[in-house]
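All remarks here apply to the structure that follows.
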Amino acid sequence: MNRGVRLAHIALIVAGILFGANYWIAKSLMPDYLSPAAIIVFRTTGALILFILLLPFARKSSFSVKDWLLLALCGLSGVTVNQYLFFVGLNLSTPVETSLLHTISPIVVVLFAAWLIHEKTSLIQIAGIVMGFSGALLLTLTGKEISWSSSHLSGNLFILANISAYSIYLVLAKPLMKKHDPMKVSVWVFFFGWLFFLPVGITTLNEISVLSLPSVIWAALAYVVVGTTFLTYLLTMLALKKLKAGTVGYYIYLQPLISGGIGVITGKEMVDTPKIISAILIFAGVFLVNWKSFHSVSDSVRHAIKKQN
């Protein structure tokens, strides 16, 4: 393994740790200090400013009318709707269940890719979709009151909707990322996401008493904006230059492990049988959905080992 590839894997591990810890750090902001909407105002504004600072380093290209429409849709689904549903869901659910539910994202992406851009779906992928969603439903419903009066159940359903919105964004952004510099695409996606959320965000400004926020809350907010929005993006982009997209995607499984580990160590979360069974079903389902990718990666690893020998 050369130095560049090794650094790419380290970058993904760091990104996984940042994401895994984020579930607990973001949860600590709500609801005592900030509302989900207020956090999104800080996050979208801060991330947009940071991405704009890097815009001069992006490859120059021009957008067509269709590209602008796609950018607007990506901003709406990938930033405005996605982030609002995530923070509302996390506020009502637990960090561990939220992070575990997020691992079904590749399954939802396959579903929307089949529906929106007519990508073919194999029988193995269909089996994986059924298995993965079975695990997600088990995690969502077990031990919860089957009623909208159950805030925990509502939280998990918001997270499933959040995953759907983000998956639509990934499918819509795919052609844009191929045509244009990902950095430039990200700037405009965040701009439209920020713009669409502005009417809601303005109403939250009166709720925020900036001077009364403790320094530890400012630190947590900085972590959410800089750590899990800006740094993780840059680390992922660095990894994509050296590794296949499929390999990068597998590191999403670090998130529930990190989040669960933090919960167990701090005594805030218990690992029970339904969570374990749900995790097995979800991971097995994602494995089947991405069977071809896993197979190609394993072939690459075997080829690299033979080459070294």
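The values are calculated or read from the model by the stated rules, or taken from the named source; none is laboratory data. Please read all numbers here as calculations on a predicted model, not as lab measurements. A quick note on method: Cβ atoms are made from the backbone with ideal geometry, for glycine too, and the neighbour counts reach across all protein chains shown.
Considering only residues that are part of a helix (DSSP H, G or I) and of a type in the set (S, T, N, Q), look in the range 21-67 and name the one that is nearest to the chain's Cα centre (by Cα).
Residues of the range 21-67 that are part of a helix (DSSP H, G or I), as a first pass: 21-29, 36-57, 65-67.
Among the residues that remain, those that are also of a type in the set (S, T, N, Q) are: 22, 28, 44-45.
Working: 22: 11, 28: 19, 44: 15, 45: 18 Å.
Here the residue is 22.
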Where residues in the range 167-198 are closer than 18 Å to residue 49 by Cβ and aromatic (Phe, Trp, Tyr), which of them is surrounded by the most Cβ atoms within 10 Å (Cβ to Cβ)?
-> 190
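Does residue 85 satisfy being closer than 30 Å to residue 284 by Cβ, assigned to a helix (DSSP H, G or I), at pLDDT 90 or above and out of contact with any Pro (no Cβ under 8 Å at 6 or more places or on another chain)? So that I can check it myself, show each step before the final result.
Working: closer than 30 Å to residue 284 by Cβ: yes; assigned to a helix (DSSP H, G or I): yes; at pLDDT 90 or above: yes; out of contact with any Pro (no Cβ under 8 Å at 6 or more places or on another chain): yes.
In short, yes.
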Could you figure out which of (1) of a type in the set (D, E, K, R); (2) surrounded by fewer than 15 Cβ atoms within 10 Å (Cβ to Cβ); (3) modelled with pLDDT under 75 isn't true of residue 268?
-> (3)
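Looking at the structure I just gave you, is residue 85 under 13 Å from the mean Cα position of the chain (by Cα) and either closer than 29 Å to residue 31 by Cα or of a type in the set (D, E, K, R) (or both)? Even if it seems obvious, please write down each step before you answer.
Numbers: under 13 Å from the mean Cα position of the chain (by Cα): yes; either closer than 29 Å to residue 31 by Cα or of a type in the set (D, E, K, R) (or both): yes.
Taking the combined requirement at face value, the residue satisfies it.
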Just a yes or no: is a residue in the range 250-260 in a loop (DSSP other than H, G, I, E, B), at pLDDT 75 or above and either touching a Ser or Thr at 6+ places or on another chain (Cβ under 8 Å) or closer than 18 Å to residue 135 by Cβ (or both)?
-> no
Residue list for the range 127-140, filter: surrounded by 15 or more Cβ atoms within 10 Å (Cβ to Cβ), within 23 Å of the chain's Cα centre (by Cα) and modelled with pLDDT of 65 or more = 128, 129, 131, 132, 133, 134, 135, 136, 138, 139
Report whether or not residue 66 is under 27 Å from residue 237 (Cα atoms), surrounded by fewer than 21 Cβ atoms within 10 Å (Cβ to Cβ) and modelled with pLDDT under 90.
-> no
What pairs can you find where one residue is in the range 16-27 and in contact (Cβ under 8 Å) with a residue 24 or more places away in the chain, the other is basic (Lys, Arg) and outside any helix (DSSP H, G or I), and their Cβ atoms are less than 8 Å apart, with a gap of 6+ or different chains?
-> 24/268
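Taking residue 118 as the residue in question, decide whether it is outside any helix (DSSP H, G or I) and either at positive phi or at pLDDT 75 or above (or both).
On the way: outside any helix (DSSP H, G or I): yes; either at positive phi or at pLDDT 75 or above (or both): yes.
Yes: the conditions hold for residue 118.
Report, by residue number, each residue of the range 191-209 that is modelled with pLDDT under 90, touching a helix residue (DSSP H, G or I) at 6+ places or on another chain (Cβ under 9 Å) and part of a helix (DSSP H, G or I). Spell out the reasoning first.
The initial filter retains those residues of the range 191-209 that are modelled with pLDDT under 90, namely 198-209.
With touching a helix residue (DSSP H, G or I) at 6+ places or on another chain (Cβ under 9 Å) added as a condition, the list becomes 198, 200-205, 207-208.
Within the range 191-209, 198, 200, 201, 202, 203, 204, 205, 207 meet the criteria.
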